Amino acid sequence: LKLTVVSRSTSQILPRGYFQRSRCALIWKTQFWHLNMAEEESQEFKLKVNSELRFEVEHKASAEIEMIEGSSEMFGTELAKNKKYTFVSGSKVAIYTWHGCVIKLKGKTEVAYVSTETPMTVYVNTHAALEQMRNKADEDSTRGPRILVVGPTDVGKSTLCRLLTNYAVRLGRSPVLADIDVGQGNMGLPGTIGALVVERTADIEEGFLNTAPLVFHYGHKSPNDNFQLYNMLVLRLAEIINVRCEQSKKVNSSGVIINTAGWIRGAGYEALKQAAGAFEVDVICVLDQERLYNQLKGDLPEFVKIVLLPKSGGVVERSQAIRADSRDSRIREYFYGMKNSLFPHTFDVKFNDVKIFKIGAPSLPESCLPLGMKSQDSQTKLVPLVPAMSLLHHVLSVSAATTVDHDIVETNVLGFLVVTSVDMDKSVFTVLSPSPRPLPQTILLVMDIQFMDIK
């Protein structure tokens, strides 16, 4: 099994990468999971037409739902009748019905209620308008709509992107879903940006099938940590998406849906404008921020349609601690799966077998720099690192670059490792890896993000 990975210099075929991992679960684990669920009390919710069941799963708990009558969907993906779906700790779920349904809910939830006030009608009208643009693109053999979803933190940007993508796929489209929110990293891990051609609706429990996404290493939690690098990678991602659209008429007419970070003031606003230009967007959906809507209306060309949309009443603001927990959960899920159904590997790597780099050098006054060099250039400089104890618990990206002569900064990554121990005497460090040795490539990039592998 092979996958195509795009690097800076040329397209190349690389072996099955770290994003393609087996999902074999132990039978006894599954049985134990459902045994625990059976002990919980169940609730039955009868949803009327155009209503929504919302619930949040308690910390270190799980919940299970089953639709026993009617029809419903979760963020654009239809639920199957009489099938049980399990949600892990911290999950925030909204089950919407257009025609009415009955949902059985088991497990420990912080809150569970039915709401009749939802923005779903507005969202589906937005989808209908985008579909008209896709039909026009089909007729004229031109590019489909490119949508940038923007807004402050915790207004449901990722949810809206998932919903619009699912609706497009259900009509036979193959849109590109791009994620430039480095704080959550839906395509890879936090500290990355990426994109994926979506041809199947998202799984109710696990989301979109990320078997071979295009992912770039950024290495920080916020665009503000390295603004120059962030804008460079966004531009590079947009270039590759343009190439992918040129290769497929179906993908081209299906369009691109782009999720953004919640940083919307100052440099963050400038980053949004640059992203709009890089992706050549036709539509910007602004969620719950009239100030941002009016700013964009004044600063962007008239051909860019800017739409102000309401956020869902089920969206809740997260604290910094909850955000940190969410990042840890995302990394843990990458290695162990949603329900601990994956089994990562641990092995030693010799210092001499790999080359480790960090992107971005400390800024210096321009008077101290070589002639013609600017202080911003240091933000995209590749800095070689000598393995040391400071690597402990850091996340490493495995670059697709084969040699240091490649443009490593703008080359995609194959997957991720976590350094679990460093032995300076033996000149080896131990890594947590989704696949067994050997490493697919030997160039590793260090993130500022850390993860402690404690079960």
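The values are calculated or read from the model by the stated rules, or taken from the named source; none is laboratory data. These numbers were taken from a predicted model, which means no experiment stands behind them. Please note: Cβ atoms are built from the backbone with ideal geometry, for glycine as well, and neighbour counts cover all protein chains shown.
Numbers below:
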read-out	value
Those residues of the range 224-261 which are within 26 Å of Pro190 (Cα to Cα), at pLDDT 95 or above and of a type in the set (Gly, Ala, Ser), in sequence order	Ala238, Gly255
Considering residues of the range 40-69 that are at negative phi and out of contact with any strand residue (DSSP E or B) (no Cβ under 6 Å at 6 or more places or on another chain) only, the residue surrounded by the most Cβ atoms within 10 Å (Cβ to Cβ)	Ala61
Identity of the residue in the range 200-233, in contact with a His (Cβ under 9 Å, 6 or more places away or on another chain) and not hydrophobic (A, V, I, L, M, F, W, C), that ends up surrounded by the fewest Cβ atoms within 10 Å (Cβ to Cβ)	Asn226
Long-range neighbours under 6 Å by Cβ, at least six apart or interchain, first residue basic (Lys, Arg) within the range 427-442, second surrounded by fewer than 20 Cβ atoms within 10 Å (Cβ to Cβ)	Arg437/Phe347
Qualifying residue in the range 152-171 (condition: buried (at least 19 other Cβ atoms within 10 Å of the Cβ), part of a strand (DSSP E or B) and within 16 Å of the chain's Cα centre (by Cα))	no
Asn125, sole failed condition from (1) surrounded by fewer than 24 Cβ atoms within 10 Å (Cβ to Cβ); (2) closer than 24 Å to Leu292 by Cβ; (3) in contact (Cβ under 8 Å) with a residue 12 or more places away in the chain	(3)
Condition check for Lys108: modelled with pLDDT under 95 and more than 24 Å from the chain's Cα centre (by Cα)	yes
Number of the condition not met by Ile322 [criteria: (1) at pLDDT below 90; (2) touching a helix residue (DSSP H, G or I) at 6+ places or on another chain (Cβ under 6 Å)]	(2)
Residues (of a type outside the set (D, E, K, R) and either under 17 Å from His394 (Cβ atoms) or in contact with a Leu (Cβ under 8 Å, 6 or more places away or on another chain) (or both)) located in the range 328-340	Ile331, Tyr334, Phe335, Tyr336
Residues located in the range 410-425, provided they are in contact with a helix residue (DSSP H, G or I) (Cβ under 6 Å, 6 or more places away or on another chain) and under 24 Å from Pro213 (Cβ atoms)	Glu410, Val419
Lone unmet requirement of (1) surrounded by 15 or more Cβ atoms within 10 Å (Cβ to Cβ); (2) out of contact with any helix residue (DSSP H, G or I) (no Cβ under 8 Å at 6 or more places or on another chain) for Leu130	(2)
Test set (1) among the aliphatic types (A, V, I, L, M); (2) modelled with pLDDT of 60 or more; (3) assigned to a loop (DSSP other than H, G, I, E, B) - Ile68 fails condition number	(3)
Single condition His99 does not satisfy, out of (1) in a strand (DSSP E or B); (2) over 26 Å from Gly255 (Cα atoms); (3) modelled with pLDDT of 95 or more	(1)
Odd one out for Met133, checked against (1) assigned to a helix (DSSP H, G or I); (2) more than 30 Å from Arg291 (Cβ to Cβ)	(2)
Unmet requirement for Gly360, which otherwise passes all of (1) under 22 Å from the mean Cα position of the chain (by Cα); (2) modelled with pLDDT of 85 or more	(1)
